[in-house]
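J.: Take a look at this one; I'll ask things after.
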Amino acid sequence: MEVLFATKNPAKIKKYSEPLKEKGIKLLTIKDVNVDIKVDENGKNALENAFIKAKAYYDATGITSIGMDNSLFIEELPEEKQPGTHVRRVNGKELTDDEMIEYYTGLVKENGGRLTAKWVYGMVVYDGKNKYEYSWNKDHFYFVETPCEKLNPGYPLDSITIIPSLNKYLVELTEEDRKENDKEKNKDEVIDFIEKSLKK
C-alpha cells in the first residue's frame, strides 16, 4: 500500500516513514513522484490547509495523499501578531530555518525572555472521494532567546523550545525523554489514523 505525503519537510517525512513501513505502508515523497506544485495554503486553520495540500497533490498524481499543517499560538502575543498557520511566512516572506530562529528569538527578547506556546496540528488523508481528518495539539512548552547548537532541519523552532518537565531543549530529547513527555503517544495515534483511513 502506498500513500503520498504532500510535504517538503524532511523532518516530517523522517518521523512517519519508518513507523508506516512497519504497518506495510510505503510513504511516497514529492521527490519520488517528481511533482512539485505551488499550493496556495489559504485555509483558516491547520485542517483546512492540510486538506488543500492533500487535494492538490491527489489531483496532480491520482495517488491517495496526506496533507499536514500546524498552527502556532503564543500566549503573550496579541491576536494580530499570532503566527497561526503562517509560522514560516512573515510579512509575505517565506523564512528559512535560520531566519525562523532569528525572528522567533527576536519576539522572545521583545517579550521578556520567554514565550509560552502551543501547537495545533491537522492531518487529512484524501483519496479523491473521501476526506479523513485528524487533529491534535501539543502545549506545555516555551520559547527562549538562546538557541540550542543542535538543529532539526525542517523543525527549526525545536532549537528554541524548552520542555519544562524535563528542562531540556526539544531538539535534545532522547527517545526515553520523548516517551516520558508523551510525545510518542501522538505519533502512534497519527500512524493509526493514517492506517485506518487507507483501509476504509
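J.: What number comes out for the charge environment of residue 27, summing +1 per Lys or Arg and -1 per Asp or Glu over other residues with Cβ under 13 Å away?
T.: +2
J.: Using all alpha carbons of the range 1-63, what is the percent of pairwise distances in each 5 Å bin, ordered from the shortest bin to the longest?
T.: All Cα pairs considered, the percentages come to 4, 17, 26, 25, 19, 7, 2.
J.: Can you give the calculated 222 nm mean residue ellipticity of the chain, where each DSSP H run of n ≥ 4 adds -39,500 (n - 2.57) and the sum is split over every residue, rounded to the nearest 500 deg cm²/dmol?
T.: That calculation yields -11000 deg cm²/dmol at 222 nm.
J.: For the range 61-199, how big is the tail of P(r) above 17 Å, as a whole percent of Cα pairs? Provide the component values of the computation, followed by the final result.
T.: Numbers: 6204 of 9591 pairs.
Of all Cα-Cα pairs in the range 61-199, 65 percent lie more than 17 Å apart.
J.: Roughly speaking, what is the centre-to-centre gap between the range 106-174 and the range 18-35 when only Cα atoms are used, to the nearest Å?
T.: Their Cα centres are 24 Å away from one another.
J.: Hey, another quick one. Give the angle, between 0 and 90 degrees and rounded to the nearest 10, that separates the Cα long axis of helix 10-22 from the longest principal axis of the Cα atoms of the chain.
T.: Result, in degrees: 50.
Since every read-out is calculated from the coordinates, none of them should be taken as a lab result. If you're wondering where the values come from, they're calculated on a predicted model, not measured in any experiment. Heads up, the Cβs are rebuilt from the backbone with ideal geometry, glycines too, and the neighbour counts pull from every protein chain shown.
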